[in-house]
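Novice: I'd like to ask some things about the structure below.
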Amino acid sequence: MYTREQASQLRQAFWTAFGQYMAPVLSAEGLKVNWPNYKTGFKNVYFRMQADKKTASIAIEITHPDPELQEMFFEQFQALKTLLHETLEEEWTWELHATDEYGKTISRIYKEIGPVSIFNKEDWPQLISFFKPRIIALDAFWTDAQYSFEELR
């Protein structure tokens, strides 16, 4: 068992290592990207990578406080579902109006793996191998798809 501080340091060490590993990888548009903190350019639309002591996930999260607008964003992603899954080369799980760990209503499109632990350095290669191709694919998808969301901005 780790203290809260040790757990925080291990998490930070993993995400720093992941960021350094991904640093040479340019975006689909040939730009430098902060992969662990990917910016979509849209408020309330995030590409999130998370890992804990049991699982890891990568997700498109729609956090708009207005449930109707959140649903409109989700429906726009659904309209692009074929493109998304073709770009990712796999199918993801779709959840409209789920509740996050803070009790907020969000919508998510995600892929999860387990059992893996961010606290076990032996799992880090598996975590990196899980996150890397998917965040690169999300970037490639978003390069084309983001323009479909302009009217929701």
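The values are calculated or read from the model by the stated rules, or taken from the named source; none is laboratory data. Nothing here was measured: the structure is a model prediction, and the numbers come from that model. Heads up, the Cβs are rebuilt from the backbone with ideal geometry, glycines too, and the neighbour counts pull from every protein chain shown.
This table checks each residue for (1) among the aromatic types (F, W, Y); (2) not in a strand (DSSP E or B).
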{"residue": "Y21", "(1), (2)": "yes, yes"}
{"residue": "E71", "(1), (2)": "no, yes"}
{"residue": "L83", "(1), (2)": "no, yes"}
{"residue": "E95", "(1), (2)": "no, no"}
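Novice: Kindly indicate the residue of segment 26-69 that is among the polar types (S, T, N, Q) and not in a loop (DSSP other than H, G, I, E, B) and also surrounded by the fewest Cβ atoms within 10 Å (Cβ to Cβ) among those meeting that condition.
Specialist: This residue is N37.
Novice: Give just the number: which of (1) loosely packed, with under 13 Cβ neighbours inside 10 Å; (2) at pLDDT below 95 does P115 not satisfy?
Specialist: Failed condition: (2).
Novice: Also, quick follow-up: Scan (1) within 19 Å of A7 (Cα to Cα); (2) touching a residue at least 40 places away in the same chain (Cβ under 8 Å); (3) of a type outside the set (K, R) for the single condition D123 breaks and write down its number.
Specialist: Only one criterion is unmet by D123, namely (2).
Novice: Across segment 3-23, which residue is modelled with the lowest pLDDT among those that are surrounded by 12 or more Cβ atoms within 10 Å (Cβ to Cβ) and over 17 Å from F130 (Cβ atoms)?
Specialist: Here the answer is A7.
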